[in-house]
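*Asks:* Sharing a structure with you now.
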Amino acid sequence: MGRGVTMKKSKEDMNAFLGEGTEFEGKLSFTGTVRLDGRFKGEIFSEGTLIVGDSAFIEGDIEVSQIIISGEIKGSITAENRIEVHAPGKVFGTIQSPVVIIDEGVIFEGTCKMRTAETGDEKKVAVIS
């Protein structure tokens, strides 16, 4: 996974991979872990982990347990556990998660809500430089 990507080691294996140079439009639902390096337009729903590679471009709404971003996303992101954005990542839109990590060198334009959808509890944000 490289580039400072911090993901807990678990029994979840990579379930799917959309490679660089590929395009997909529609709704994506999955369990486990999926990595996108191509272009995606639509909706993504999962109780698993989404990894957005350096060359990825996603336009649409995302609802996942955890997301690790190094590519570009335009839309709404809701993560039940955490959102990590690593350089050269770009996020344009609304993000919501109890934990948000944004590295130095990332571009983020939009709004951020630091609470879970159910409880409204405020959580912490970490800016790593």
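The values are calculated or read from the model by the stated rules, or taken from the named source; none is laboratory data. Note that the structure is predicted; figures quoted are calculated from it, not measured. Note that each Cβ is placed from the backbone with ideal geometry, even for glycine, and that neighbours are counted across all protein chains shown.
The rows are residues; the columns are (1) farther than 22 Å from M114 by Cα; (2) at pLDDT 95 or above; (3) not β-branched (V, I, T).
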position: M7; (1), (2), (3): no, no, yes
position: A16; (1), (2), (3): yes, no, yes
position: E23; (1), (2), (3): yes, no, yes
position: R35; (1), (2), (3): yes, no, yes
position: I44; (1), (2), (3): no, yes, no
position: Q66; (1), (2), (3): no, yes, yes
position: H86; (1), (2), (3): no, yes, yes
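*Asks:* Within the stretch 67-86, can you find the residues that are in contact (Cβ under 8 Å) with a residue 24 or more places away in the chain and either more than 10 Å from the chain's Cα centre (by Cα) or outside any strand (DSSP E or B) (or both)?
*Replies:* S70, G71, E80, H86
*Asks:* Can I ask one more? Say we look at the stretch 56-98 and pick out the residues that are among the hydroxyl-bearing types (S, T, Y) and buried (at least 23 other Cβ atoms within 10 Å of the Cβ); which of these is farthest from G110 (Cα to Cα)? Please lay out each step first, then the result.
*Replies:* We begin by selecting, within the stretch 56-98, every residue among the hydroxyl-bearing types (S, T, Y); these are 65, 70, 76, 78, 94, 97.
Filter again for buried (at least 23 other Cβ atoms within 10 Å of the Cβ), leaving 70, 97.
On the way: S70: 17, S97: 14 Å.
Looking at residues that are among the hydroxyl-bearing types (S, T, Y) and buried (at least 23 other Cβ atoms within 10 Å of the Cβ), I get S70.
*Asks:* Further, regarding this structure: Where residues in the stretch 19-42 are in a strand (DSSP E or B) and hydroxyl-bearing (S, T, Y), which of them is nearest to S55 (Cα to Cα)?
*Replies:* So in the stretch 19-42, the residues in a strand (DSSP E or B) come out as 23-30, 33-36, 39-42.
Filter once more, keeping what is hydroxyl-bearing (S, T, Y): 29, 33.
On the way: S29: 21, T33: 18 Å.
Here the residue is T33.
*Asks:* Give just the number: which of (1) charged (D, E, K, R); (2) surrounded by 21 or more Cβ atoms within 10 Å (Cβ to Cβ); (3) over 11 Å from the mean Cα position of the chain (by Cα) does R39 not satisfy?
*Replies:* Against the list (1) charged (D, E, K, R); (2) surrounded by 21 or more Cβ atoms within 10 Å (Cβ to Cβ); (3) over 11 Å from the mean Cα position of the chain (by Cα), R39 comes up short only on (2).
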